[in-house]
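Any read-out appearing in this document is the output of simple, stated calculations on the displayed coordinates, not a laboratory observation. From a predicted model like this one, the values you see are computed outputs, not experimental measurements. Here the Cβ is made from the backbone with ideal geometry for all residues, glycine too, and neighbour counts use every protein chain on show.
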Amino acid sequence: MKKNNSVLLSLPYILWMLAFTLIPLCVVGYYAVTDPTTGAFSLDHLKDLGIYLPVLGRSIGYCLVSALICLLIGYPVAYYMAHRTPLVQKMLYMLVMLPMCMSFLLRTLAWVGLLQDTGIINDFLGLFGIGPLKLIRTPGAVVLGMVYNYLPYMILPLYTTISKIDHRLIEAAQDLGCNSVQTFYRVILPLSVPGILSGVTMVFVPTVSTFYISQKLGSTDTVLIGDVIERLFKQANDPNMGAALSLVLMVLVFVCTGIMNRFGSEEEGSVVV
Amino acid sequence: MSKELIRLRGLTMEFDGERILDGIDLYINDHEFLTLLGPSGCGKTTTLRIIGGFLTPTSGTVTFDGEVINDVPPYKRQINTVFQRYALFPHLNVFDNIAFGLRVAKVPKEEVDRRVERMLEIVSLKGYGHRAVGALSGGQQQRVAIARALVNEPKVLLLDEPLGALDLRLRKDMQNELKRIQQATGITFIYVTHDQEEALSMSDTVVVMDKGRIQQIGRPEDIYNEPKNAFVADFIGESNILDGIMLSDYRVKFFGRAFECVDKGFAENEPVDVVIRPEDIDIVAPEEGHLVGTVTSVTFKGLNYDIIVEFKGFKWLIQTTDFHGVGATIGIRLNPEDIHIMHKSEYSGLFGDYSSYSAEYDELTEDAGDEEE
């Protein structure tokens with residue numbers, strides 16, 4: 001009886017998922033393995049995906065670099081947050097969340113205004129006779145855009161995990177002879193692993209399929225897999241190829257997160273994502 | 001044998017203007033099993049944490065082996081701690097938890113293996129090395145925590161209510177185990193508990209604390225038999241505490257009657273607290289008794305009956321193996337050695353009256369008093 005009730009309660013979401021996730025997914029799958037002219041089963045698109053391998057590699061590279069930078073920036077912040085008084089914690093939490101209240105598109109466009117050749121940064125540098133520097137349309141600008149947009153997604157899970165670490169474990173480590181550096185890498189860091197994995201996943205998954213950031217901040221040399229997919233659907237009018245590429249990307253993301261979780265559950269005995 | 005190892009001089013501790021410790025003076029000998037005993041909030045855990053180096057006292061000094069160690073951080077002290085509820089590292093298995101301190105100290109691998117294996121044997125966990133600590137029972141986790149501290153062969157082991165989370169039977173076993181380990185290793189144990197029975201049965205020396213002050217220091221027998229004030233008398237076992245007047249050496253008057261006692265050295269006619277332990281009272285026929293009273297309640301306790309007897313409006317607790325029903329009139333006799341005389345203190349009049357006695361209430365308060373940070 002109870003079980004039936006809970007199914008009933010989750011019915012709206014189940015229907016939603018069915019209509020807007022599962023069915024479209026099937027459509028993508030269908031397009032990926034059919035010939036557009038005859039409508040017959042065909043693996044040609046999947047075979048032709050080889051030409052996108054460099055783009056795929058570049059996408060993964062950019063995303064890993066972004067996730068790593070997010071981690072390096074985010075971890076100290078999260079650690080600092082977790083060790084403040086509850087009131088300060090709440091305020092810092094709000095601050096971290098604040099950029100997320102602004103539209104993603106707007107935030108990215110703002111970087112264009114900052115970085116472009118006649119942008120604010122170059123204008124400012126010009127006052128000192130420097131530049132204009134080539135800031136926009138570089139790989140650095142793309143990574144910057146990714147880090148800026150997805151940093152909160154790294155900080156929040158890290159903060160949650162670190163603030164849950166029992167303070168007595170830190171005292172126990174000190175008691176057993178650890179100075180603060182040893183305490184960090186022997187106890188605090190291993191216990192942060194679930195948060196790190198969760199944060200890396202939260203940054204990696206959306207960045208690997210992003211297309212807007214690279215279009216606005218990147219150049220033709222920084223085209224990412226998301227851009228290619230968008231182009232295939234819109235400009236190139238080749239939904240079959242786009243579907244095939246989407247499918248491969250999705251499988252790839254699944255495999256990546258799966259590997260990370262497997263690694264995490266071996267370390268920790270728990271899965272967090 | 002009894003070389004002084006640790007000395008606390010005039011320790012005070014204040015948090016947000018609240019005085020937690022108020023002038024603690026105490027020395028601890030090498031190889032000693034010393035227990036800090038008191039109700040929650042008495043300052044016993046704070047004292048332990050100061051010795052461990054996790055707190056710096058507001059004033060006063062901690063001396064270890066002749067050196068002041070106030071500012072020595074925990075990781076540089078030859079002291080290890082068994083924490084309240086263990087604080088085992090959840091990301092490490094049993095073996096790695098125990099090996100933790102040795103690895104930090106860069107002990108060679110073969111020696112780590114040898115010492116951890118030996119430790120596993122000592123705490124009866126042989127073969128458990130590869131288990132996850134989360135999969136162990138409370139008693140097993142407790143033993144891992146003890147092994148993790150002991151394997152470093154510290155000079156002093158601090159134990160903060162280590163048995164608090166265990167059930168009664170396991171607690172008794174672990175008490176024996178701890179006592180055995182302490183005697184086998186010769187390591188100085190400083191043990192914190194609010195359980196008076198635990199303190200009496202394990203310790204060489206018991207330090208009774210309340211309100212941030214030491215109330216009494218002594219061997220368990222002395223603390224029990226010669227409590228210094230009403231607080232100690234009440235906290236260590238059950239006590240009937242009455243107002244009395246010391247007539248002269250060896251003579252005390254209470255309930256309008258003079259009794260012979262074994263205490264001396266009080267001023268003439270000094271008002272005193274008189275302690276009579278419930279198990280020391282002999283029940284006799286009414287006509288033979290020093291005092292005659294009426295039974296008002298009877299509780300069966302297994303070993304004995306707890307009976308409440310009213311004497312002239314004042315209720316006493318008496319423990320007896322013979323049944324006396326409610327309403328029965330009984331007489332009691334008091335031998336000189338059953339009467340303990342104490343100077344009046346700030347605690348006089350607060351304890352030792354069983355007028356509102358309730359067995360249930362007693363158990364409730366016992367359970368409540370275990371949390372202290």
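Before moving on, here are some points about what is shown:
- Projected area averaged over orientations for region A:217-268, convex hull of C-alpha atoms, nm²: 5.0 nm²
- For A:MET81, the shell of other residues with beta-carbons less than 15 Å away shows a net charge of +3, using +1 for Lys and Arg and -1 for Asp and Glu.
- Given charges at beta-carbon only (K, R positive; D, E negative), |dipole| of region B:239-368 in Debye: 440 debye
- Leading residue at positive end of dipole, chain B (Cβ point charges), from B:VAL326, B:GLY127, B:HIS31: B:GLY127
- Residues of type lysines that A:LYS90 reaches as a straight line, Cα spacing below 25 Å, ignoring anything fewer than 8 places off in the same chain: A:LYS164
- B:GLY237 sits among other residues whose Cβ lies under 10 Å from its own Cβ, and their net charge, with Lys and Arg +1 and Asp and Glu -1, is -3.
- Helix content alone sets the calculated 222 nm mean residue ellipticity of chain B: runs of n ≥ 4 DSSP H residues at -39500 (n - 2.57) each, divided across all residues, give -7500 deg cm²/dmol.
- Amide H to amide H distances under 5 Å link B:VAL82 with B:LEU158, B:LEU159, B:ASP160, where only residues 5 or more positions off or on other chains count and H is placed in the peptide plane.
- Net charge in the neighbourhood of A:ALA243 (other residues with Cβ under 15 Å of its Cβ; Lys, Arg +1, Asp, Glu -1) is -2.
- At most 15 other Cβ within 10 Å, DSSP loop - trypsin sites (Lys or Arg not before Pro), region B:37-126: B:LYS106, B:LYS126
- Dmax and Rg, reported as Rg then Dmax, of region B:123-234 (C-alpha, Å): 15.7, 51
- With both labels modelled 7 Å from their Cα along Cα-to-Cβ, the A:ASP221 to A:THR21 distance reads 3.9 nm.
- Folded to 0 to 90 degrees: helix B:359-368 orientation relative to chain B principal axis, Cα: 30 degrees
- For chain A, convex hull volume per residue from C-alpha positions, Å³: 208 Å³
- Dipole-positive endmost among A:LEU56, A:TYR79, A:LEU109 within region A:1-123 (Cβ charges, Cα centre): A:TYR79
- If you run the Gaussian network model on chain A, springs between alpha carbon atoms under 10 Å, then out of A:THR21, A:THR138, A:THR37 the most flexible one is A:THR37.
- Expressed as a whole percent, the proportion of Cα-Cα pairs in the protein assembly as shown lying more than 31 Å apart is 68%.
- Between the amide H of A:THR34 and those of A:SER42, distances stay under 5 Å, these residues lying 5 or more places away or on another chain, with hydrogens modeled in the peptide plane.
- Restraint check, B:LYS253/B:LYS312; B:LYS3/B:LYS172; B:LYS211/B:LYS315; B:LYS228/B:LYS344, Cα-Cα greater than 18 Å: B:LYS3/B:LYS172; B:LYS211/B:LYS315
- J(HN,Hα) series, region B:45-54, from Karplus relation 6.51 cos²θ - 1.76 cosθ + 1.60, nearest Hz, glycine and proline x: 5, 4, 4, 4, 5, 5, 5, x, x, 8
- 10 Å-binned pair-distance histogram of region A:149-273 (Cα, whole percent): 12, 29, 27, 17, 10, 4, 1
- A protection proxy built from the mean count of other Cβ atoms within 10 Å ranks the segments A:159-170, A:47-58, most packed first, as A:159-170, A:47-58.
- Of all the options B:PRO108, B:PRO73, B:PRO220, the one that moves most in a Gaussian network model of chain B with Cα springs shorter than 10 angstrom is B:PRO108.
- For region B:4-224, a Kirkwood radius taken over Cα pairs fed into Stokes-Einstein (4 °C, viscosity 1.567 mPa s) yields D = 73 µm²/s.
- A compact globular protein would have a Cα radius of gyration near 2.2 N^0.38 Å; the ratio found for region B:48-88 is 1.20.
- Phi angles of region B:312-323 translate, via the Karplus equation with coefficients 6.51, -1.76, 1.60 and θ = phi - 60°, into HN-Hα couplings of 6, x, 10, 9, 10, 9, 10, 9, 9, 8, 8, 7 Hz per residue; Gly and Pro are given as x.
- For region B:248-350, average projected area of the Cα convex hull in nm²: 7.0 nm²
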